[in-house]
Amino acid sequence: MDRKWEVARQIRQYGAKEKAYLAEVIDRAALSHFDNEGGFLQRFQEAFAARVGVKTAIPRANAMVALAEAVSVSGASTTDEVLCDSIVQFGALAAAYFNAVPRFVDVERNSYNMDPASLEANITERSKAVIVTHMWGLMADMDRIKKICDAHHLFLIEDCAHAIGSSWNGRQAGSFGDLGVFSFQEFKQLSTGDGGMLVTNNEDLAWIIRNKLAFSGESPKFMTMNFRMNETTAAVGLAQLEKIDYVLEHYSRTLGILNDAIGGCQWLKPRAVPPKAGQAGYWFACTWEGDKHGLDYRILQRLNEEMGIGLRFGFNQEPPYQFDLFRNAKLYGHPDCPIRCPLYTAKSPYRYQRGLCPTVEDLMPRLITVNLIFMSMEDAERTANRLQKAICIMDKG
């Protein structure tokens, strides 16, 4: 077995409970949600809703389809704009699935999360919804973002793919928006291999998702897809949810070890965690500021390679609006989709070009990250020691 999978197995404690729950699924001989009252889908969604502190949770095949479903429920469609984060592309893709126009919002320099001031500045007469990503286990400023959305009657979707266990002012991620979306993909804190969850406090929205969007052979009420999760995935999910506190504690400890490793360094800037935020361990991140201290980024990159530190330099290198898919307006293979669509008649022409989000453009190549999902405590200590040695070498010149 590859070592990283062995580490993941140990952290997540895959074992007797998962096997017992899967055996129960097989014994019941009911692997879907149909006529399966009291099954694992029901048990998982009820336990997850209680964990997040919301009224309703609805299991989904994965987070990407759940995010797209959230856009469809928002009412956003052709000619509407959905305001999205500018570090990751998933919100923009979800908007595009339903022919809405992704409009990118800049981030705060110190938190890497959506900047409320940029959000407000990007609202137009076409704005319909907002997708805010809680990046790498740290929640965005939900006080300000929710206030802005309420004032402008914007549908608020929280992308909580990295944020199980994250909180803002004591409230869990996913409990602020009209809908929250969680991911259970292999590289997330709670993993079922693939899978996701929609959460909401709005019972009308939950009814629409469960009824109008039902897809079980009959003709759906409007264009939709099959978003459902199955019983075997839910069985693993419930077992993992029952262990999630241990898993999150592990990732938070490894995050702390790496944060401590750069303590006192003048040119590696740690991520700022606002007082109201409860960060959940997921990825370690900091920013390179060495150019402001006369240092050469390439030397740190060389040391990383020679010493086997395991740092990742830059993140995507360019913001999503510079991806060919968006910049060249080739969604669905059509040369005008979405921002040159003749139906999209915004008062101020919007184009995917450099300068839309200056903070994220400066930040992306400076980001230095480490994925903690497959990192043992020993690995974290080893990485931290090597990083500290590299810092000493750089400081000595």
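Could you check the range 20-55 and list, in sequence order, the residues that are β-branched (V, I, T) and in a loop (DSSP other than H, G, I, E, B)?
Passing the criteria: only V54.
Considering every residue within the range 118-132, establish whether at least one is of a type in the set (A, V, I, L, M, F, W, C) and either in contact with a Lys or Arg (Cβ under 7 Å, 6 or more places away or on another chain) or touching a residue at least 60 places away in the same chain (Cβ under 8 Å) (or both).
Within the range 118-132, one or more residues are of a type in the set (A, V, I, L, M, F, W, C) and either in contact with a Lys or Arg (Cβ under 7 Å, 6 or more places away or on another chain) or touching a residue at least 60 places away in the same chain (Cβ under 8 Å) (or both).
Would you mind finding the one in E203, E158 that is crowded, with 24+ Cβ neighbours inside 10 Å and farther than 18 Å from K243 by Cβ?
Going through E203, E158 in turn, the sole match is E158.
For the range 298-329, give me each residue that is under 23 Å from Q266 (Cα atoms) and without any contact (Cβ under 8 Å) to a residue 12 or more places away in the chain.
If the condition is that a residue be under 23 Å from Q266 (Cα atoms) and without any contact (Cβ under 8 Å) to a residue 12 or more places away in the chain, then R298, R302, E305, E306 are the ones that fit.
Return the total of residues in the range 275-292 being among the polar types (S, T, N, Q) and free of Cβ contacts under 8 Å to residues at least 60 places away in the same chain.
Of the residues in the range 275-292, 0 are among the polar types (S, T, N, Q) and free of Cβ contacts under 8 Å to residues at least 60 places away in the same chain.
Any residue in the range 7-22 that is more than 11 Å from Q240 (Cβ to Cβ) sitting within a Cβ distance under 6 Å of a residue that is of a type in the set (F, W, Y)? List the pairs, counting only those 6 or more apart or interchain.
Filtered contacts from the range 7-22: V7/F374; A8/F374.
May I ask you to list pairs of residues, at least six apart or on different chains, whose Cβ atoms are under 7 Å apart, with the first in the range 134-156 being in the same structural domain as W283 (by TED's automatic domain parsing) and within 12 Å of M114 (Cα to Cα) and the second being among the basic types (K, R) and modelled with pLDDT of 95 or more?
none
For the range 257-277, enumerate the residues that are out of contact with any helix residue (DSSP H, G or I) (no Cβ under 8 Å at 6 or more places or on another chain), more than 25 Å from I299 (Cα to Cα) and surrounded by fewer than 19 Cβ atoms within 10 Å (Cβ to Cβ).
Residues satisfying the conditions are A272, V273, P274, P275.
Could you list, in sequence order, all residues of the range 357-381 that are of a type in the set (D, E, K, R) and buried (at least 16 other Cβ atoms within 10 Å of the Cβ)?
Hits for the range 357-381 are E361, R366, D379.
Quick check: anything in the range 85-99 within 15 Å of L179 (Cβ to Cβ), in contact with a Pro (Cβ under 8 Å, 6 or more places away or on another chain) and either of a type outside the set (S, T, N, Q) or modelled with pLDDT under 95 (or both)?
Within the range 85-99, one or more residues are within 15 Å of L179 (Cβ to Cβ), in contact with a Pro (Cβ under 8 Å, 6 or more places away or on another chain) and either of a type outside the set (S, T, N, Q) or modelled with pLDDT under 95 (or both).
Only residues that are modelled with pLDDT of 95 or more, out of contact with any Phe, Trp or Tyr (no Cβ under 7 Å at 6 or more places or on another chain) and of a type in the set (K, R): list them for the range 122-155, please.
Within the range 122-155, R144, K147 meet the criteria.
I'd like to check something: does the range 164-185 contain any residue that is aromatic (F, W, Y), within 15 Å of the chain's Cα centre (by Cα) and either closer than 21 Å to L363 by Cα or not assigned by TED's automatic domain parsing to the domain that holds M64 (or both)?
So far as the range 164-185 goes, no, none of its residues is aromatic (F, W, Y), within 15 Å of the chain's Cα centre (by Cα) and either closer than 21 Å to L363 by Cα or not assigned by TED's automatic domain parsing to the domain that holds M64 (or both).
For the range 256-274, give me the residue count where each residue is small (G, A, S), more than 17 Å from I309 (Cα to Cα) and touching a residue at least 24 places away in the same chain (Cβ under 8 Å).
1
The values are calculated or read from the model by the stated rules, or taken from the named source; none is laboratory data. The model shown is predicted, which means the values in this text are computed figures rather than measured ones. Because the Cβ atoms are built from the backbone with ideal geometry, glycine has one as well, and the counts that use them run over all protein chains shown.
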